[in-house]
Amino acid sequence: MTFSMLNAPALRRLAKRLMPTTLDLYLINQVIPPFSIALAVVMTALLLERLLVLFNLLAAGNNNLGTFIELLTTLLPHYLGLAIPAALCVSVFAVMRNMSQNEEIDAANSSGLSLLRITRPYIHLGLALGVVSFLLYGFIQPHARYDFRAAYYFASHTGWTPRLQPRMFARPSADLTLVAEQVTQSGSELGNVFIHDTTDNIERSITARKGHIRIASDGSTVQLDLEDGIIVSDSKDKPPSLTMFEHSTRYLTHASQTPPFRSRGEDERELTSPELISALVRQDGSISQPHMWSELHFRLARSLTIPFIPLLATALAMSRKRKRNNAGLPIAFILMVSFDHILQFGHSMVATKKLSVLIIWAPALVFAVLCVTLLLYRSGTLHPWHARRAQPGSPRSA
């Protein structure tokens, strides 16, 4: 009871200190629109290259649109992990740059608020996005990476998708013969189609003005959609019948059975962080220990450096008065891209050369110290220290 009573004022002061003020809410509201726009733009830019590859796969394999959407969905977590740091940097830079030009930063400093205090809500935002990235890197991306590889495997190994030639007979099965006068779109779009079908001991002669061959939605059969045609059926024990149709669907044959895709976990990037730790404790031999150690520390280093990005963006957004041009944003991107490439290089060296994980954590520490130092310098915290060292009686000046 005494301990609780002694700590109650401290807890109240801590809660009051953590409660967002009007300034904090204003800054968060200012950063949400540019963050959303930047996230969408970066995601679109990153997905463009893969979109072309997926479109080619969709066209070459006659896959349906659902396969394309499934592949695209499984790519989103991977590119979201790359887009979050970039969007955070751009949005914080834009807001702080605008406030600096409008002298809002000067007004806040005049009221006793330091630049570090103004940046506090963005540091909290960076912490929240760091947690999101940790969950993304360690739990969602491994499953999404495996799902993408599995979906791509099945899309690349679709069943029989004939590439017909004009006026050449094709036999998808023993009971069916197919020919078309015009063939376009790599053999999937047909014109003036003729089919001779003897399935179920019934002889059918089918003609149609148009036809389209594709894999059925269940992926197990090849489907032929016909338009504007006639079916003449002859069962030998009954008089022939004639049926006219505007649209008809024929299933030509069963698609070839694709071997099942491998199970998840043959690659360390397909394992969640708890699974990596469990495999390291068990000393699982299916994946080398350096690869798992490297992957685990790489994920942690990327997540823990995200809260420092607002500090870097804020420091580089500050500019001199009446100076409109500012190279801060390009510098920020160069620093972030360089840091990410160095981190990936360290990740590769630890995995393949079995070096120490310090190669991963050293760049992360340098990046964090650089971000903090730049913000302290911009806020003027380091200026008194420089002034003391520059005094006439100081050892440096002597």
query = Given the structure, is Ile105 more than 33 Å from the chain's Cα centre (by Cα) and either open to solvent by 60 Å² or more (accessible area, probe 1.4 Å) or within 23 Å of Arg17 (Cβ to Cβ) (or both)?
reply = yes
task = Among the candidates Glu227, Glu246, Glu270, single out the residue that is farther than 30 Å from Leu329 by Cα and open to solvent by less than 60 Å² (accessible area, probe 1.4 Å).
result = Glu270
query = Tally time: how many residues in the range 278-288 are surrounded by 14 or more Cβ atoms within 10 Å (Cβ to Cβ) and part of a helix (DSSP H, G or I)?
reply = 2
ask   = Which of the residues that make up the range 68-99 are at pLDDT below 90 and open to solvent by less than 10 Å² (accessible area, probe 1.4 Å)?
value = Leu71
inquiry  = Given the criteria among the aromatic types (Phe, Trp, Tyr), open to solvent by less than 30 Å² (accessible area, probe 1.4 Å) and modelled with pLDDT of 95 or more, does Phe308 qualify?
reply    = no
query = in contact with a helix residue (DSSP H, G or I) (Cβ under 9 Å, 6 or more places away or on another chain), of a type in the set (Gly, Ala, Ser) and open to solvent by 20 Å² or more (accessible area, probe 1.4 Å): does that describe Ser36?
reply = yes
request  = Among what's in the range 225-261 and is more than 23 Å from Asn201 (Cα to Cα) and of a type in the set (Ser, Thr, Tyr), pick the residue that is modelled with the highest pLDDT.
outcome  = Thr258
query = Would a scan of the range 188-204 turn up a residue that is assigned to a loop (DSSP other than H, G, I, E, B), at pLDDT below 90 and open to solvent by less than 20 Å² (accessible area, probe 1.4 Å)?
reply = yes
message = List the residue pairs whose Cβ atoms are under 7 Å apart, where the first residue sits in the range 96-120 and is more than 22 Å from Leu329 (Cβ to Cβ), the second is open to solvent by 20 Å² or more (accessible area, probe 1.4 Å), and the two are 6 or more positions apart or on different chains.
response = Ser114/Ser379
remark   = Only one of Leu127, Leu136 is in contact with a helix residue (DSSP H, G or I) (Cβ under 7 Å, 6 or more places away or on another chain), surrounded by fewer than 16 Cβ atoms within 10 Å (Cβ to Cβ) and closer than 22 Å to Thr305 by Cβ, namely Leu127
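The values are calculated or read from the model by the stated rules, or taken from the named source; none is laboratory data. These numbers were taken from a predicted model, which means no experiment stands behind them. Don't worry about glycine lacking a Cβ; one is built from the backbone with ideal geometry, like all the others, and counts go over all protein chains shown. Ligands, DNA and RNA are stripped out before the accessible areas are found, and what is left, the full protein with its side chains, is counted by its heavy atoms. Shrake-Rupley method; radii C 1.70, N 1.55, O 1.52, S 1.80 Å.
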